[in-house]
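Scroll down for the structure; my scribbles are underneath it.
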Protein chains: 2
Amino acid sequence: MSPRGSGQARQRRATLADVGRHAGVDTSVVSRVLSNDPILNIRDETRERVLASVSELGYVVNAAARSLRTARTGTIGLFIPDFANPVYAEIISGAEAAATARGYALVTGSSGASGATPQTYLDLLGQGRVDGLLLAGDALTPAVRKALDEFNLPYLLLNRKMRGSHRFVVLDDEKAAGLAVDHLVELGHTRIAHLAGPAGADTAQRRRAGYLAALKQAGLPHDPDMVIAADYTPEGGVAGMTQLMKLRSRPTAVVVSNFAAAIGALGAARASGVSVPGEVSVVTIHDSPLAEFLVPSLTAVRMPLEELGRRAVDRLLSRRFDDAVEEVVTGPIELVARRSSAPPPAGSKRKAAK
Amino acid sequence: MSPRGSGQARQRRATLADVGRHAGVDTSVVSRVLSNDPILNIRDETRERVLASVSELGYVVNAAARSLRTARTGTIGLFIPDFANPVYAEIISGAEAAATARGYALVTGSSGASGATPQTYLDLLGQGRVDGLLLAGDALTPAVRKALDEFNLPYLLLNRKMRGSHRFVVLDDEKAAGLAVDHLVELGHTRIAHLAGPAGADTAQRRRAGYLAALKQAGLPHDPDMVIAADYTPEGGVAGMTQLMKLRSRPTAVVVSNFAAAIGALGAARASGVSVPGEVSVVTIHDSPLAEFLVPSLTAVRMPLEELGRRAVDRLLSRRFDDAVEEVVTGPIELVARRSSAPPPAGSKRKAAK
DNA sequence: CTGAAAGCGCTTACAG
DNA sequence: CTGAAAGCGCTTACAG
């Protein structure tokens, strides 16, 4: 392992040939026994002997040799922009479960880590280390796409649609935003703002669309001042909320597109002396174990992120490369009501009407 | 890639032989040109021709073939218990940077994911997919250890010491806890409690030791009632803080061993009607971008997690397998003072004395 | 049916 | 010095 000191040879691992010799059969027989080749005719007694040798010698297949021979690796890669985003923890969990269930290894890497330029990870992928790729966030740059096409490497966009690509698995972000709006409408709100995500983010666009559709459905007017792009960060939420609080006629409720931004929004409201939910209700998309512990605890729309990871792996593994995959995960989306949402203040109607 | 439909053969990728043919040289020459073999004597003109063919054919080395030949993979694995713990995001970031800088790929996996039993990932590792392993959390169970020894696979414990293992890279948790105590002592606190982590966690033990040492250093008595084991979760913090608030003679400050637990502790204080920092100050170990946005914002000891990841990779790659590695990362540890810590309430001296 | 052989794509010791 | 050949450890089509 050491770049220097090549010595210290690792104890040699048992090979198929070792097992064959030990059991007195050909290596091909061992291989077939281990892969349960239905064609193989072998006496039970011999099979037992082979298996005993395998376990006695501690034989484990050599992935490199198998992969060289079969041109498959049994590994799929998942690239995410940032391990710090808790959304991905759940996605990874589902993806790992699905990969494991199918006998694949899932390796996760970050496409934006310090020092890891896209080229770095492309080099790795181009070397045939994975059979397919799940790409979240902005991982599919034009350069990456070109390389994937060149390598003929199957891939699927995860939680992201992209112009010109017909291979993605996403959540029903429209519905999620709609649920948030519906909840606020039921509480009696009529002036509902939206802290949308960054302009470039495709999830943000779909949530925005869901917000607008739900407003329309409820017969509420759409005020463009009430929709503000905000980064998916606490700072983004602070900036957006601060702007909303400066409006002549303030919203009585805000649908925030992202949990981190919602934390910032709560902070900004507090800083401006605006009571939540007394003066303004806040609902966020994506729940988190922390939501319960914020002040006030945060009403959130829970998304089926594990299911998203699971479905993405399943689709990647079960489709031929050139098939289109355009799937919206149908897992349960539900609003978890907590303290940050309540009926609008008594005076708000009048205020809005003036 | 598809388990069914094997057809749809991927376009064949260029091999060394293709490049050699294209450039009119032997494959071995191509290999040597690409690896910059200093022994190789070749005319500049020929070298250019080879390189041109490489780029024209889009040749990329086949990792499986290289790995089979060299018995090395150029990959190291990092196993963490849980992607949802934000501490690991920073560690991964540092580890990826270090691995990339050394020409290695870092693949990250979770040892505790649903469905991924230890055996599952052991099988994968045993197949020779990585040259070495970084293990965080509880990943090194006795079974795992036995297997690693059997496979002669180099590994290093990350952020964890373990009885009987002399291969680890950890942070200076004692110092971190000490800084937290020192900060509170400077503010005038004399009754400083500790929400220690779970009994089994080695980081918890070291933080506890640092807490005790700092108390002693400050000449403060150690009250066993003031040290309470608490899970590294918001719920753990709630339970621990609730217990502390019931003490006859309450602490005026609490050093919490973990950020998630600190969030729970703040919640519990609020629920009990105890003002932070008015009645009790809270300091946590590990900073987070969220600390700023909690109510009150949370004083935290910032740890060099990226450096931990970086060092672990460096040590794993530069040591021979049987060398002992016992390293405490020396990166900067610093206390970030925010609103959750303040001088003790005026009456506290009297109260403590009664 | 079954065993022996070919060959996946590399790297590098070695014969010339 | 340099090119050709061996061989890493598998799997599987195929000859017998």
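Here, each number is a calculation from the coordinates, and none is a lab measurement. Just so we're clear, the structure is a prediction, and the values are computed from it rather than from any experiment. Neighbour counts are summed over all protein chains in view; Cβ atoms, including those assigned to glycine, are modelled from backbone coordinates with ideal geometry.
Per-residue shielding of A:142-155, expressed as the average number of other chain Cβ atoms within 10 Å of the residue Cβ, stands at 2. Less than 5 angstrom separates the built amide H of A:Ala193 from those of A:Thr252, A:Ala253, A:Val254, A:Val255, all sequence-distant by 5 or more or on a different chain. Counted residue by residue at 0.36 nm each, then reduced by the alpha carbon distance between them, the extension gain from A:Ser272 to A:Gln217 reaches 16.6 nm.
Inter-copy label distances at A:Gly273, shortest first and taken from points set 7 Å along Cα to Cβ: 2.7 nm.
Per-residue Karplus couplings for the stretch A:286-291, computed as 6.51 cos²θ - 1.76 cosθ + 1.60 with θ equal to phi - 60°, are listed in order as 5, 8, 7, x, 7, 3 Hz, Gly and Pro entered as x.
With q set to 0.13, 0.22 Å⁻¹, the log10 of I(q)/I(0) for the stretch B:16-61, from the Debye formula over equal scatterers at the Cα positions, is -0.21, -0.63. Only DSSP H runs of four or more residues enter the estimate; each adds -39500 (n - 2.57), and after division by the residues of chain A the mean residue ellipticity at 222 nm equals -13000 deg cm²/dmol. Peptides B:53-65, A:93-105 ranked from most to least packed, by the mean per-residue count of other Cβ atoms within 10 Å: A:93-105, B:53-65. Packing-based ranking of B:134-143, A:121-130 yields A:121-130, B:134-143, ordered from highest to lowest mean Cβ neighbour count within 10 Å.
Extents of the protein assembly as shown, taken as max minus min of Cα coordinates on every principal axis and listed largest first, are 82, 67, 61 Å. Between amide H atoms placed 1.01 Å from N, distances below 5 Å from A:Ala229 occur with A:Ala196, all of them 5 or more places distant or on a separate chain.
For B:Tyr155, the amide hydrogen comes within under 5 Å of the amide hydrogens of B:Leu133, counting only partners 5 or more places away or on other chains and with H modelled in the peptide plane.
Computed from backbone phi, the HN-Hα couplings of the stretch B:226-231 come to 8, 10, 10, 5, 9, 4 Hz, rounded to whole numbers (Karplus: 6.51 cos²θ - 1.76 cosθ + 1.60, θ = phi - 60°; Gly and Pro given as x). Across identical copies of the chain, B:Leu51 has label-point separations of 5.7 nm, listed in ascending order, with the point defined 7 angstrom from Cα along Cα→Cβ.
Peptide A:67-75 shows a mean partner chain C-beta count of 4 within 10 Å per residue C-beta. Take each residue of peptide B:104-111, count the partner chain Cβ atoms within 10 Å of its Cβ, and average: the result is 6.
With a Cα cut-off of under 21 Å and a minimum spacing of 8 residues unless on different chains, the lysine pairs in chain B number 7.
Put simply, chain A fits an ellipsoid with semi-axes of 53, 20, 19 Å; these come from the alpha carbon gyration tensor as the roots of five times its eigenvalues, largest first. The charge dipole of the protein assembly as shown, taken about its Cα centre with unit charges on the Cβ atoms of Lys, Arg (+1), Asp and Glu (-1) only, comes to about 700 debye.
Couplings 3J(HN,Hα) for the stretch A:179-194, derived from phi with the Karplus relation 6.51 cos²θ - 1.76 cosθ + 1.60 (θ = phi - 60°), are 4, 4, 5, 4, 4, 5, 5, 4, 6, x, 6, 10, 10, 10, 8, 9 Hz, where x marks Gly and Pro. Listed peptides B:327-334, B:218-225 appear in the order B:327-334, B:218-225 once ranked by packing, highest mean of other Cβ atoms within 10 Å at the front. Over chain B, with a Gaussian network built from C-alpha contacts below 10 Å, which listed residue (B:Val25, B:Val227, B:Val283) shows the highest mean-square fluctuation? Per the Cα network of chain B with a 10 Å cutoff, B:Val25 tops the list.
Sorted from closest to farthest, the other copies place their A:Leu34 label points 2.7 nm away, with each point set 7 Å from Cα along Cα→Cβ.
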